[in-house]
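Just below is one structure, and these are the notes that go with it.
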Amino acid sequence: MSSPHDDDAGFDDPELLAAMAAAFGEPGIANAETQSNNDGESLAGLIERLESSMAKLGEATSDETATDSGATSRQDEERFIVFETAGRQAGLPLSCTREIERLPAYTKLPRTPSWLRGIANVRGQILSITDLGALVGGEVEPNQPRQKIIVVHNEKRAATTALVVDRIVGIRSFPGRAIPCPTDLTDPLAGLADRAARTSDGLVLLLHPLRLFDHPSMQPFMTAN
């Protein structure tokens, strides 16, 4: 499959396509909620730490992270990892997120587009490193110490990638505030979102992992055919 981008020449190289299909495909990593090592933080540990911190921010955020006063907790509410990229906030469903790590050392591959930073060994698995801002048309930002990767998986596509984001904002839910994504948005991330939530910080785009993996620029890498 050819790519519409001039800098994507070489996608017909079968060895490169096979390698990238493997890097975007199911990596078989263990559940992040039971994983931790000295190089990263388990997702369960991160959730606990972030929710503890946000609970101290006051009433403005406590309604998003505290449990209900009754016996029923908010575990049934959909929660999102909210992050910042290119100066705007977006969220990914916690259910599709495997783990969060510091940006690891990665290997750039020849004849690949700028949004594909390369591949990296993440907990013993080879994953593609996707610059989310660049994927939707932004500039590739230089590596920064605070940058993180969010390992995202979609069961339907049996695909996984590590998204580079500028910083993690927190774990949040948006009870009663999630709305269909406005059709008049010019934000380039809007094409990956199916919903949005209005908060005191502005509009948070809620990304759908299927739209991420179905992005036209990703398609040449999703299969070795």
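The values are calculated or read from the model by the stated rules, or taken from the named source; none is laboratory data. Predicted model, so just to flag it, every value in this text is computed and none were measured. Backbone-built Cβ (ideal geometry, glycine too); neighbour counts: all protein chains shown. To get the accessible areas, we keep the full protein, side chains included, count just its heavy atoms, and leave off ligands, DNA and RNA. Shrake-Rupley method; radii C 1.70, N 1.55, O 1.52, S 1.80 Å.
Overview of values
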item: Per-residue ³J(HN,Hα) for segment 112-118, Karplus 6.51 cos²θ - 1.76 cosθ + 1.60, θ = phi - 60°, Hz, x for Gly and Pro; result: 10, x, 5, 5, 8, 5, x
item: Coil-residue GluC sites (Glu not before Pro) of segment 95-189, DSSP, other Cβ within 10 Å capped at 16; result: Glu139, Glu155
item: Local net charge near Leu163, Cβ-Cβ under 10 Å (Lys/Arg +1, Asp/Glu -1); result: 0
item: Cut-off under 5 Å, modelled amide H: who pairs with Leu206 long-range; result: Gly91, Asp194, Arg195, Ala196, Ala197
item: Projected label distance in nm at Ile126 and Gln219, using a 7 Å step from Cα toward the beta-carbon; result: 2.5 nm
item: 4 °C / 1.567 mPa s Stokes-Einstein diffusion coefficient of segment 86-156, Kirkwood radius on C-alpha pairs, µm²/s; result: 98 µm²/s
item: Computed Kirkwood radius, in angstrom, where 1/r is averaged over Cα pairs of segment 166-225; result: 13.2 Å
item: Local electrostatic count, Cys181, Cβ distance below 14 Å [Lys/Arg +1, Asp/Glu -1]; result: +2
item: Area accessible to solvent at Asp187, 1.4 Å probe radius, in Å²; result: 50 Å²
item: Karplus-derived HN-Hα couplings along segment 120-131 (A = 6.51, B = -1.76, C = 1.60, θ = phi - 60°), whole Hz, x at Gly and Pro; result: 8, 8, 10, 6, x, 10, 7, 10, 6, 10, 9, 7
item: Amide hydrogen neighbours beyond the local backbone of Glu99, cut-off 5 Å, H modeled; result: Val151
